[in-house]
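Working notes, beginning with the structure itself.
The values are calculated or read from the model by the stated rules, or taken from the named source; none is laboratory data. Since we're looking at a predicted model, the values are computed, not measured. Glycine also receives a Cβ, built like all others from the backbone with ideal geometry; neighbour counts cover every protein chain displayed. Heavy atoms of the whole protein, side chains included, go into the accessibility calculation; ligands, DNA and RNA do not. Shrake-Rupley method; radii C 1.70, N 1.55, O 1.52, S 1.80 Å.
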Amino acid sequence: MATVRQADTALWLHNKLSSDDPWSGSSLRSLLTPDVLRNIPECFHRLEPQVKVKLLMAFLHLPRRVVEETIAELNEILEIGAADEDEWVRVLCEVLKDYPTTGMLNVHLEHACPVFAEVTQQLESIHNSSNLMPLECPYLNKGALLSVVGEQPTLPKHFTLQRKPKSAALRAELLQKGGYSNKTYAFLR
């Protein structure tokens, strides 16, 4: 597909990406050659929003060599997409804006879309009100846990046992059978 003309690129992308599978970017990986990527900025505005989203998601599956060869084209596509009328396309372009040059995703989307700012604020309030810990915390030793999450407040006492635990009752029973009192046992220990 290296000889796909600019006029045919939009139709070709539409045919490849308009299936019902919403996450087909990985299957497009081998077809997005540098020649094809150079044609996309010319026709990006004519694509349907779902095709644009799938195309943008396919960028994540491109070999690093292809990304490095086509940084200018990828950045141009992302700039065009940042001004798109579809909100998902704009947000995805915001997420991917640094990907061609740094290989990193932009996760600071508060300014990109008001919905993200609202959701981020809600998640932060939930996180601050509850003691959510990172998933790796149960596997960390005490020193590593302190370095990851810092000193944790002591938990409030929710209930008190009304009777002695079964082990204490068994110990007292054994001591009585052996002829020792609790005071004698404490002295012998």
*How much solvent-accessible surface does Leu55 expose, in Å² to the nearest 10, with a 1.4 Å probe and all protein chains in place?*
0 Å²
*Could you sort Trp12, Trp88 by accessible area so the largest value comes first, with the probe set to 1.4 Å?*
Trp88, Trp12
*Rank Arg163, Arg46 by accessible area, highest first, at a 1.4 Å probe radius?*
Arg163, Arg46
*What net charge is computed for the residues neighbouring Leu109, neighbours being all others with C-beta under 15 Å from the C-beta of Leu109, Lys and Arg scored +1, Asp and Glu -1?*
-4
